[in-house]
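Trainee: Here you go, one structure.
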Amino acid sequence: METKEAQALLEGQAEIWQHLFGFADSMALKCAVELRIADIINSHGGPITLCQIAARIVDSPSLDIPYLTPIMRSLVRKKILTAHNPSDGGDTLYGLTPASKWLLHDAELSLAPMVLMENHPWQLAPWHYLSQRVKEGGIAFKKAHGCEMWDFASKNPEFNKIFNDAMACSAKIVMGVVLEEYKDGSDCLGSLVDVGGGTGEMIAEIVKAHPHIKGTNFDLPHVVATAPICEGVSHVGGNMFESIPKADAIFMKWVLHDWSDEHCIKILKNCRKAISEKIGKFIIVDIILEKDNNDLFDETRMVFDLLMMAHTSGGKERTELEWKKLLEEGGFPRYKIIKIPTIPSIIEAYSM
């Protein structure tokens, strides 16, 4: 019995060591993206040696190869890269995996901007205030930076670009799945407003797939000010807490999880006013937390719940029961959930 207890304690100790250094994996990933390691291997056309990688890292006149070695070792151990030792005793060859292909900067679908944004010092600072938020309340991001994230973005063009680039890359990834899984949901729509649509990538993809739809990208003025011109899409600046442009349907991706229930109800009521009572619908793409769900993205959904605590003003991820209550109070008593193979699900809500 003592042996079993001792073994359990030893395993527990090992687990805590792994958790307390969990940040190191993110930092190694960020380093790989900043150095464009995946891009270098990809452009070579196949596995490549460490010296070849080092020679192609730009703006590095005094690059220290020994410091690159542990980064590569970590990436291989985490299966971000492969390592092959030639039988002739030559240098180790590093190659791409399905994971590292998501780190390519110029790929159609890439998570590189998200890696850079979430691991930027500006975004990491609020995480150090989680315990203060539990004890004192308030907003972690504001405790770290003196203002809320949306105000910070409006005053800081560099952060605004980093944030918008990250949102655009995630929108493109999720949108591909949504368009594939929700093909018939847009056929009857003449107009659609993407509320909190950022720089318009999401609504642009919808309109491209369904050219009959008149699309509107609606976000804060400083956000739409940097939005590119998209055929079939109008960019409108405003505040969703005040009013929302009218349309057959409202679309929201990863917006409501940024806000408290009280704020969400205000947004929902404005959405309800903006759509037709008879044919209007509200399409939400957001996370639904489920107990004992062990699919590919379950762990990521749980992390998003903590992310909301660090970065938003009362935001959180919600269970289906919490979504049901929220929708009812916001004027949408009917809904159905469409599960899709990505992090969020689709919630189709109706006012009647």
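Trainee: Solvent-accessible area of C188, probe 1.4 Å, all protein chains present, reported in Å² to the nearest ten, please.
Mentor: 100
Trainee: Just how much of H128 is accessible, in Å², when a 1.4 Å probe is used and the result is rounded to the nearest 10?
Mentor: Around 150 Å² of this residue is reachable by solvent.
Trainee: Another one. Given a cut-off of under 8 Å on Cα pairs at least six residues apart, what relative contact order in percent is computed for the chain?
Mentor: 12 percent.
Trainee: May I ask you to list the aspartates and glutamates whose Cα is less than 19 Å away from that of K273, ignoring any residue fewer than eight positions away on the same chain?
Mentor: Of all the aspartates and glutamates, those that pass the test against K273 - Cα under 19 Å, at least 8 places apart if same chain - are D194, D219, E242, D248, D261, E262, E328, E329, E348.
Trainee: How much area per residue is accessible in the chain when the probe is 1.4 Å and only protein heavy atoms are counted (Å²)?
Mentor: Accessible surface, normalised per residue, equals 53 Å².
Trainee: Across all directions of projection, what mean area in square nanometres is found for the Cα convex hull of the range 2-75?
Mentor: 6.7
Trainee: On to the next question. Within the range 8-38, name every residue whose backbone N is under 14 Å away from a label modeled 7 Å from Cα of V134 along the Cβ vector.
Mentor: none
Trainee: Quick one: ranking I162, I203 by accessible area, 1.4 Å probe, largest first, what do you get?
Mentor: Correct descending sequence by accessible area is I162, I203.
Trainee: Could you sort E205, E242 by accessible area so the largest value comes first, with the probe set to 1.4 Å?
Mentor: Descending order: E242, E205.
Trainee: Here's another thing I want to ask about it. Which of the trypsin sites (Lys or Arg not before Pro) found in the range 263-293 are loop residues per DSSP with 16 or fewer other Cβ atoms within 10 Å of their Cβ?
Mentor: Sparse-neighbourhood loop trypsin sites (Lys or Arg not before Pro): K278, K291.
Trainee: If one computes the Cα centroid of the range 169-242 and of the range 16-89, what distance in Å separates the two points?
Mentor: Answer, in whole Å: 37.
Trainee: Which entries of K30/K214; K101/K208; K246/K316 show an alpha-carbon separation above 30 angstrom in the structure shown?
Mentor: Beyond 30 Å: K30/K214.
Trainee: My understanding is that a pair violates if its Cα-Cα distance is over 30 Å; which of K161/K324; K142/K336; K161/K291; K161/K325; K253/K325 do that in this structure?
Mentor: From K161/K324; K142/K336; K161/K291; K161/K325; K253/K325, over 30 Å: K161/K324; K142/K336; K161/K291; K161/K325.
Trainee: What are the semi-axes of the equivalent ellipsoid of the range 120-201, taken as the square roots of 5 times the eigenvalues of the Cα gyration tensor, listed largest first and rounded to whole Å?
Mentor: Equivalent-ellipsoid dimensions as semi-axes: 33, 15, 12 Å.
Trainee: While we're looking at this one, here's another question. For the chain, what Kirkwood radius comes out of the mean inverse Cα-Cα distance, in Å?
Mentor: Value: 22.5 Å, from the Cα pair sum.
Trainee: Just D25, D64, D151 to compare: in a GNM of the chain, with alpha carbon springs under 10 Å, which one fluctuates most?
Mentor: Sorting by GNM fluctuation, first place goes to D64.
Trainee: Please report, as a whole percent, how much of the solvent-accessible surface of the chain comes from carbon and sulfur atoms (probe radius 1.4 Å).
Mentor: 56
The values are calculated or read from the model by the stated rules, or taken from the named source; none is laboratory data. What you are looking at is a predicted structure, and each value in this text was computed from that prediction instead of being measured. Backbone-built Cβ (ideal geometry, glycine too); neighbour counts: all protein chains shown. We work out accessible area using only protein heavy atoms, side chains counted, and drop any ligands, DNA or RNA first. Shrake-Rupley method; radii C 1.70, N 1.55, O 1.52, S 1.80 Å.
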